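Data block below; observations after.
The values are calculated or read from the model by the stated rules, or taken from the named source; none is laboratory data. Here the structure is a predicted model, which means the values were calculated and not measured. Note that we place each Cβ from the backbone using ideal geometry, even for glycine, and neighbour counts take in every protein chain shown.
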Amino acid sequence: MSNRRILGFALLAASVLSWLVLAHFLGWLVVQAGIEDRVLLGAFATSDLVAVLPAAALGVWAWKSARSHAFLIDVVDELSKVVWPTRQETQDSTVVVVATVVLVSLILWAFDLVWLEFSNLILFSV
């Protein structure tokens with residue numbers, strides 16, 4: 001897949017995500033203002049349709065802006081150079097992380113018990 005196509009999909013996903021977030025925020029704002037958010041076109045509220053415009057404008061701007069377009073193409077180029085771990089490497093690393101967390105948790109628990117007994121000995125020895 002070409003870098004331009006990957007960038008197009010990424011910008012489309014970012015635009016849809018920004019539309020959902022903005023639509024949710026506008027819906028909340030309309031409810032807080034006590035205004036009725038009418039359903040239009042069957043399933044979309046007015047706030048949903050209003051949020052489409054800035055989200056689409058953001059996507060078009062990001063695609064058309066030479067500076068952002070060049071930056072995003074460079075990001076895609078750099079990500080294509082990344083060597084991703086295999087499934088086995090990921091599983092092995094996960095086992096190491098979980099084992100380390102369990103070990104450190106047990107050590108902290110033991111220290112906590114020692115300090116609890118030590119503080120009880122000092123505070124309640126009277």
Going through the stretch 9-44 in order, the residues found to be farther than 25 Å from Trp61 by Cβ, surrounded by 13 or more Cβ atoms within 10 Å (Cβ to Cβ) and either in contact with a strand residue (DSSP E or B) (Cβ under 7 Å, 6 or more places away or on another chain) or not assigned by TED's automatic domain parsing to the domain that holds Ala62 (or both) are Asp37
Quiz prompt | Condition check for Ser105: polar (S, T, N, Q), outside the structural domain of Leu7 (by TED's automatic domain parsing) and surrounded by fewer than 10 Cβ atoms within 10 Å (Cβ to Cβ) | solution = no
